[in-house]
Structure formats: structure tokens, C-alpha cells
Amino acid sequence: MTDLTVRTGQHAEFVDITAQVQRAVTESGVKQGVCCVFVPHTTCGITINENADPDVTADIIAALERAVPWVAPQYRHNEGNSAAHVKASLMGNSVQVLVRDGQLRLGTWQVIYLCEFDGPRTRKVWVLVNG
Ligand code: ZN
């Protein structure tokens, strides 16, 4: 198991962590198996999506903000970050990627994103590779 540290710089942003996860896969020595990537937080999530066009993640962040606005009179949670909790649940807190020949098997346009919704913060990501 590998613990990664990811520093986010924006209130809401997607950070490509694929290279860090690949490093953990390489260090594990596993050539064929499954890599589980887990985020132990309640206001950030993890997802796999396109990195070729940065407008894609900008559009996802904007769509989530339209669906779950930061300020809404019906929120009850007194920390004031209910939207971040909802968005984190929408994204989910883990992804699994197949490993072949020691490499993450992602589609051509896919990368692994840590999805920050209440930053900037320092986030942990736990990676387990099973061969
Ligand atoms: Zn909260």
C-alpha cells in the first residue's frame, strides 16, 4: 500500500494524479492485477476522465456547480461546505484500474483525477496494487 500526498491549489479543481499512481504501481512490482485508488476525505472525490482538452474538466466542474451550488438556503450542515460533500459523493471516493505489463491500463484519453471541491488543501490518496 502506498500513501500519496496531493496539494490542491484551487477551491475546486481536478488534479491529474496518474503519474503518481503509476509510480506506486511500478514500485509495487505487480505486472498484472488491479490497482485500487482511494481518497480518504469527505469533500474531495476521484474520477477518471479526459485530459486532452482542459475544457472537459472545466465543464464538469461548472456542471457540478450548477447542479450543486455552493450557496443554497436549504443546506443544514453548519460547516458551510455541504456542496463539497455532495459533489464528493457524486464523484465517488475510489477508482479501480487494471494493470498489465506493470502499466495502468487506461484508455487513450483517460487520466485519474483527484477532484477537489473544498480547497486548497493537502489531500491523501491511498493506493493498493493487487497482483
Ligand atoms: Zn463539512
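Numbers below:
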| read-out | value |
| --- | --- |
| Selection from His77, Leu64, Asn51, by position along the positive dipole direction of the stretch 38-88 (Cβ) | His77 |
| Cα-centre dipole for the chain with unit charges at Cβ (Lys and Arg positive, Asp and Glu negative), debye to 20 | 380 debye |
| Within the chain, helix-based [θ] at 222 nm, where runs of 4 or more DSSP H residues each add -39,500 (n - 2.57), nearest 500 | -8000 deg cm²/dmol |
| Order by protection proxy (mean Cβ within 10 Å, highest first), peptides 31-41, 68-78 | 31-41, 68-78 |
| Neighbourhood charge, 15 Å Cβ-Cβ cut-off, centred on Tyr75 and excluding it, Lys, Arg +1 and Asp, Glu -1 | -1 |
| The chain, Cα convex hull volume normalised per residue, Å³ | 94 Å³ |
| GNM result for the chain, Cα springs below 10 Å: residue of Arg121, Arg23, Arg66 fluctuating most strongly | Arg66 |
| Taking Leu114, Leu4, Leu104 and counting other C-beta atoms within 10 Å, the order from fewest to most | Leu4, Leu104, Leu114 |
| Surrounding net charge for Gln20, when Lys and Arg each add one and Asp and Glu each subtract one, Cβ distance under 12 Å | +1 |
| Rounded Å value of the spacing that divides the Cα centres of the stretch 78-106 and the stretch 21-67 | 6 Å |
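Laboratory data are not the source of any read-out in this text; all were calculated from the coordinates shown. Source: prediction; values computed, not measured. Note that each Cβ is placed from the backbone with ideal geometry, even for glycine, and that neighbours are counted across all protein chains shown.
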